[in-house]
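Reading through the structure tokens given below for one structure.
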Amino acid sequence: MTDFAIETHALSRSFGSLVAVDEISFKVAKGELYGFLGLNGAGKTTTIRMLTTLLPPTSGSARLWGHDVASEPLAVRQLIGLVSDETSESQSDWTAREYLAYFARIRGIEGVSETVERCLTSVGLAQQFRGKLIGTYSTGMKRRVEIARALLGRPKVLFLDEPTRGLDLPAKRETWRLLKDLAAQESVTTFLSSHDAQEIRTLCSEISIVAAGRLVFTGPTRELGSDLDTFEDRLIKLLTSSC
Ligand SMILES: Nc1ncnc2c1ncn2[C@@H]1O[C@H](COP(=O)(O)OP(=O)(O)OP(=O)(O)O)[C@@H](O)[C@H]1O
């Protein structure tokens, strides 16, 4: 059995002549809250789509808990939860309980109402809101519902694609606290993509940085500096050196 939750080897994806992800190799230890940092268009979402079996790699490979994403997609899907930056706008006429119960039933999860309450508790959605329509929630609360949805199947690896995009500072901070708590309490490996240097520095002790599809750094966050200013200076150098 592998020690790693995620391993990629020269993972690549092209769209026509555009190489969106270019031979990236990294490893994520089990239980890690791992950061994947890059500017807009750097290849973060494309990488997550390959790791979650939504998009086949053009070349190279990726394994989740030892299972190959291309040849064992069903095994991989059993292990993962995915939160993208889309909120539950389309479900605004549903309550959080109804919304989660719907997905729990689709997934054939037993004990639907207990599972729904467990996941809503994990993301700290207060009891008084659980029976209210999602359309009346703040953006931060909607994001919590999406995270709760991703937790329904007790995933071993949780993928969060820019989970705080569009949130104001208080909601962002709340989401950061939630992600830290989840990582500590749920023993889930978390793969967090973001273009927010402060977010990644606050949450992740191990990171990879991508620029124009290529990996420009992989290692401990502290190697890039102990304060945000130094971190950002080094980050900018890494991002511009690849241009
Ligand atoms: N389905 C697709 N067809 C063609 N090009 C695509 C497709 N998906 C992504 N791309 C291109 O691949 C590159 C990487 O995009 P990707 O969405 O992975 O970046 P990102 O780092 O997630 O960016 P952002 O932070 O803006 O979400 C971009 O140039 C994008 O336009």
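The values are calculated or read from the model by the stated rules, or taken from the named source; none is laboratory data. Just so we're clear, the structure is a prediction, and the values are computed from it rather than from any experiment. The area values use the complete protein model at the heavy-atom level, side chains included, leaving out ligands, DNA and RNA. Shrake-Rupley method; radii C 1.70, N 1.55, O 1.52, S 1.80 Å.
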**Study point:** With DNA, RNA and ligands ignored, accessible area of I106 (1.4 Å probe; Å², nearest 10)
**Key:** 110
**Study point:** With Cα atoms, 0 to 90° folded angle of helix 228-241 axis to the chain main axis
**Key:** 60
Check your understanding: Rounded to a whole number, what % of the accessible area of the chain do carbon and sulfur atoms account for, probe 1.4 Å?
Key -> 49
Exercise for review: Would you mind checking which residues have amide H under 5 Å from E32's amide H? H placed 1.01 Å from N; only 5 or more apart, or other chain.
Suggested key: T190
Check your understanding: Working out 0.36 nm times the residue gap between R177 and S14, then minus their Cα-Cα distance, what length gain in nm do you get to one decimal?
Key -> 55.1 nm
Study note, to complete from the structure: So the angle from the long Cα axis of helix 96-106 to the longest Cα principal axis of the chain, reported in degrees to the nearest 10, equals 70
Exercise for review: Order D227, D3, most accessible first, counting only protein heavy atoms with a 1.4 angstrom probe.
Suggested key: D3, D227
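Taking only the Cα atoms of segment 6-55, how large is their convex hull per residue, in Å³?
Taking the convex hull of the Cα positions in segment 6-55, it is 79 Å³ per residue.
For segment 169-243, what relative contact order do you get, as a whole percent, if you take Cα pairs closer than 8 Å and at least 6 residues apart?
Over segment 169-243, the number comes to 21 percent.
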Practice item. Compute the normalised compactness of segment 104-187: alpha-carbon radius of gyration over 2.2 N^0.38 Å, N being the residue count. Key: 1.07
Study note, to complete from the structure: Per the Kirkwood formula over distinct C-alpha pairs, the hydrodynamic radius of the chain in angstrom is 18.4
Check your understanding: Rounded to the nearest whole Å², what accessible area per residue is found for segment 66-198 with the 1.4 Å probe?
Key -> 47
